[in-house]
Amino acid sequence: MRLPFSPEQASSLAPEVDNLYLYLVALTFFFTSLIFILIVIFSVKYRRRHEDEEPAPNHLSVWLEISWSVIPFIIAMTIFFWGTVLFFKQFSPPANADEIFVVGKQWMWKIQHPEGRREINELHLPVGRAVRLKMTSEDVIHSFYIPAFRAKMDVVPGRYTEQWFLPTKAGRYHLFCAEYCGTNHSRMTGWVTVMEPEDYEKWLENKQASDLPVETSGAQLFKKHRCDTCHTPSPTALGPRLAYGTHVTLADGRKVLADEKFLRESIVLPAAKITAGYSPIMPTYQGQISEEEIMQIIQYIKTMDPNAAETPPSVPAAVIKLGNDTVDSAQTQQPGMDAGPGIVEAASDGTSLSQQ
Amino acid sequence: MSDAAPKNYLNVSSTVASWLLTLDHKRIAILYLISVTIFFFIGGAFAVAIRLELLTPPGDFFLSETYNRMFTMHGIVMVFFFLIPSIPAVLGNFLLPIMIGAKDLAFPRINLGSWYVYVIGGAFTVTAIVMGGVDTGWTFYTPYSSTYSNSAVTLTALGVFITGFSSIMTGLNFVVTVHKMRAPGMTWFRMPLFVWAMYATSLIMLLGTPVIAITILLVFAERALGFGIFDPALGGDPVLFQHLFWFYSHPAVYIMILPSMGVISEIIAAFSRKKIFGYKFIAASSMAIAILGFLVWGHHMFVTSQSMYAGMVFSFISFLVAIPSAIKVFNWTATLYKGSISFQTPMLYAFGFIGLFTIGGLTGLFLSAMAIDVHVHDTYFVVAHFHYIMVGGAIMGYLGGLHYWWPKMTGKLYPEGLSKLSAGIVFIGFNLTFFPQFLAGYMGMPRRYHMYSPEFQVLNVMSSCGASILALGYLLPLAYFLWSLKFGRDAGPNPWGARGLEWEISSPPSPHNFDETPTGIEDPYNYGVHKYGVPKEHK
């Protein structure tokens, strides 16, 4: 049910959020009226009739106190469970969601579709297909807010955040920056256009020649910035092998997951985490590569096969421990050889990216 | 006044030095009253300008830069220089020692010092306003505040930092006073609920304020000295700031609302001539709010990339903290039952408080429910919610308290009809200003927007009309309070027929409150007790 003074319900979860909202509005109305009516009744009935009136004290009723503590608590818990279950839905994207890349900067939204088409302050989406936004900021914190989808997520510099939704209704909806970001915050707005799938396909095709698929751009950048000089699968490589989603042992003994945040940090602040066995020789690319380009490079790195073994098994340079069922672990496992450079271990969970 | 009449704290001496160097808690309360009133009207002027600009969707009167500075200064002035000190430093300072039968606070010099610290902090902030102001929002979110903003962040932050020490000094003074200065026979459960509320508030001030001080120093270190703490470009974490900021600033909401709840407990008892219903439950709920309030900061950060599981815990505790507030509202309402209710001005404010706080509290549940918060976070829904708590709650309580104790503080009565009228104007103006903002928020209007989409205009026009009514409602008390100082009738020691130690001494009180330490202390709300006996507890 859609209440007056609420935006269009244009995503799969919007009606569910509105139902919870309706429940809360009803509770608010009930309790406010209850208190109001009691005050009015008492005020009329027990108004002071002469100046020196002094009524008898009320007896304290412990049961009354307990009941008006326990009943609100139970009601609060119903809201808590409903709100929490729905929230987990709001932030658990389906596995088949299409990925779209969003970069916020003062004061615009830069968006790229995986097939390559770019847009600014506009987001085109097909009806009926779940999409997942991978977002970051070039400067301050922004927040990507689409009221018609009841969806919002902060866009934070230095990390990737995500949100997803499934548009259900074609139309044009507001896109707002919701986190105050400086002078023209109120102009950091745009439109989300939800289209029928066939219109969307046509729209995607209508792109500039330079709008290459994201991984393709990433591969070009990888070469252009000479990443491939050091990051090769060769055992004598100067840089560690790039293996997305694996665990990396650092020089100080810690193990970290090679996720997008780690890869991004390794590009802009390479000295922050040094892989065990390698020297901190990588220069920083901060200021030389834009956030979009970093996203493209990471997408390219994700396509790399972590086991593209040019590594002779006898060399301990790249011992790979596998816990991943997609690869035969017996082949490359080398028991007893640890602390070699570039030790990687396949991640057992792919979920750790969201909501960090 | 004849020479034979005993001197009171106001006329005991009249030199400027006798005020500026006074160690009397009552005179320090008056110094605070004057200074917080000045800041209230500075903050209010910014609000008027904001509402004027938002009459139409495009920018009409101000540049975005100016608009952003105005809402920032409105927030900073109102939160740090009005709401936080208002009830504790004015009413608390004046009443706390009297209510527990003491001649002064434990540390009179620290008390005076706190006012000077407050004034110095205020001077920094006023200087920052004159030098162009700040545009970070009162929340100072990094890395905008620490790296990107070109406004007077450092100066303002220093102002807030310095003023924090005045809170700490007041809190310390109150805690020690309550522990050590109670008159013989003034047991913990004979303390008025206002004292309990002050005690709970003081604990938050003592424990929370150092955290905001450290946080501000860290912003300063990054901005002025280039230490990488919050800016990711320097290897920092911008979200860390939000954790630190809200660790103080959420409890700070309770610094603003708990004292008001204390005031309301006093007013409801006095104007229904009833022992407050569930005294121990109200006292305990103040303490529960003070403690739980420190554990809910993450509910400001559900969509800040905080872990979902952390969000779940913060959401749960936020629902818990609603319960003690509900208990208070039910107990206040039950106190009216079989009472002798009179509708003098303070009681009208108390009724207004209960209504607005109920709505403010219940809309807090919307924001604690994570799924709804995702949609309404950083919209006008949040703006409406916290104004229902801070203006509808805290300021209604403050005005109610001022009207209740004004005759005690000055010895004068203000005009009853006019003050009732202005209470009505405040209530109507408030609802007209802030209720439409709930609707605009759910429709999706983000907060801190200088320009907005045309579909929000009707609601914004209503809000701006309400604000002008509200402004009138705030100017009237200023006028008739000042009028009453010269022309008001003498109040006598107890114009309301209320109980409590403060009503047993003269109005205005003598410099040392009590000529002799009060004895035979009874329950602070023993209405009807002498006539009908002590009420029993029903199981």
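Taking Cα atoms only, the orientation of helix B:457-487 departs from the longest principal axis of chain B by about 30 degrees.
Determine the sum of side-chain charges near A:GLU260: Lys and Arg each +1, Asp and Glu each -1, restricted to other residues whose C-beta is under 13 angstrom from that of A:GLU260.
Details: positive: A:ARG132, A:LYS134, A:ARG159, A:LYS261, A:ARG264, A:LYS302; negative: A:GLU99, A:GLU162, A:ASP259, A:GLU265, A:GLU291.
My count for the surroundings of A:GLU260 gives +1.
Based on alpha carbons, the Rg and Dmax found for the stretch B:92-236 are 18.9, 61 Å.
Measuring nothing but alpha carbons in the stretch B:177-224 and taking Rh as the Kirkwood radius, the Rg to Rh ratio lands at 1.30. Secondary structure note: in the stretch A:14-145, about 55% of the DSSP beta bridges are antiparallel.
Can you give the local net charge around A:ARG118? Use residues other than it whose beta-carbon is closer than 13 angstrom to its beta-carbon, Lys and Arg +1, Asp and Glu -1. Let's see the in-between values first.
On the way: positive: A:LYS110, A:ARG117, A:LYS207; negative: A:GLU115, A:GLU119, A:GLU122, A:ASP211, A:GLU292, A:GLU293.
Summing Lys/Arg as +1 and Asp/Glu as -1 gives -3.
Return the whole-Å distance between the Cα centroid of the stretch B:156-209 and the Cα centroid of the stretch A:131-151. So the separation of the two Cα centres works out to 42 Å.
Residues B:SER285, B:SER265, arranged from fewest to most other Cβ atoms within 10 angstrom of their Cβ, appear as B:SER285, B:SER265. Size descriptor for the stretch A:124-229, Kirkwood hydrodynamic radius: 15.8 Å (Cα pairs only, one decimal). The distance between label points at A:PHE29 and B:VAL48 comes to 3.8 nm (points 7 Å beyond Cα on the Cα→Cβ vector). A Förster radius of 60 Å, combined with the Cβ-Cβ distance separating A:ARG118 from B:GLU516, puts the computed FRET efficiency at roughly 0.15. Binning the alpha carbon pair distances of the protein assembly as shown at 10 angstrom intervals from zero yields the distribution 2, 12, 20, 22, 17, 12, 8, 5, 2, 0, 0, expressed in whole percent.
I want to verify the translational diffusion coefficient of chain A in µm²/s; compute it with Stokes-Einstein, Rh as the Kirkwood radius over Cα pairs, at 37 °C and 0.692 mPa s.
On the way: Rh = 24.4 Å.
Translational diffusion coefficient: 135 µm²/s.
Cβ crowding within 10 Å ranks B:GLU53, A:GLU53, B:GLU416 as B:GLU416, A:GLU53, B:GLU53, fewest other Cβ atoms first. Extent of chain B along its three principal axes (Cα atoms, max minus min coordinate, largest first): 69, 54, 41 Å.
Determine the calculated [θ] at 222 nm for the protein assembly as shown from helices alone, applying -39500 (n - 2.57) to every DSSP H run no shorter than 4 residues and normalising by the residue count; nearest 500 deg cm²/dmol. Can you show the working numbers first?
On the way: 25 runs with 444 residues, N = 895.
About -17000 deg cm²/dmol.
Out of every Cα pair in the stretch A:73-170, what percent are spaced more than 15 Å from each other? Considering the stretch A:73-170, 65 percent of its Cα-Cα pairs are separated by more than 15 Å. Straight-line cross-link reach from A:LYS105 at under 19 Å between alpha-carbon atoms covers these lysines, not counting any fewer than eight positions away in the same chain: A:LYS134, A:LYS152, A:LYS261.
Taking θ as phi - 60° and the Karplus parameters 6.51, -1.76 and 1.60, the scalar couplings of the stretch A:147-154 work out to x, 5, 9, 6, 10, 7, 8, 5 Hz in sequence order, x denoting glycine and proline.
If R0 is 35 Å, the Cβ-Cβ spacing of B:LEU21 and B:THR187 corresponds to a FRET efficiency of close to 0.50.
Scanning residues 5 or more positions from A:HIS124 or on other chains, those with amide H under 5 Å from its amide H are A:THR193, with H placed 1.01 Å from N in the peptide plane. Placing a label point 7 Å from the Cα of B:ASN11 along the Cα-to-Cβ direction, the residues of the stretch B:397-421 whose backbone N falls under 18 Å of that point are B:407-414. Helix A:291-303 and the long axis of chain A differ in direction by around 60°, with both axes built from C-alpha atoms. Amide H contacts under 5 Å for A:TRP109: A:ASN121, restricted to partners 5 or more places along the chain or on a different chain, H placed in the peptide plane at 1.01 Å from N. Dimensions of the stretch B:199-249 based on its C-alpha atoms, expressed as ranges along the principal axes with the largest first, amount to 43, 19, 9 Å.
Here, each number is a calculation from the coordinates, and none is a lab measurement. Note that the structure is a prediction, hence the values are computed from the model and not measured. Backbone-built Cβ (ideal geometry, glycine too); neighbour counts: all protein chains shown.
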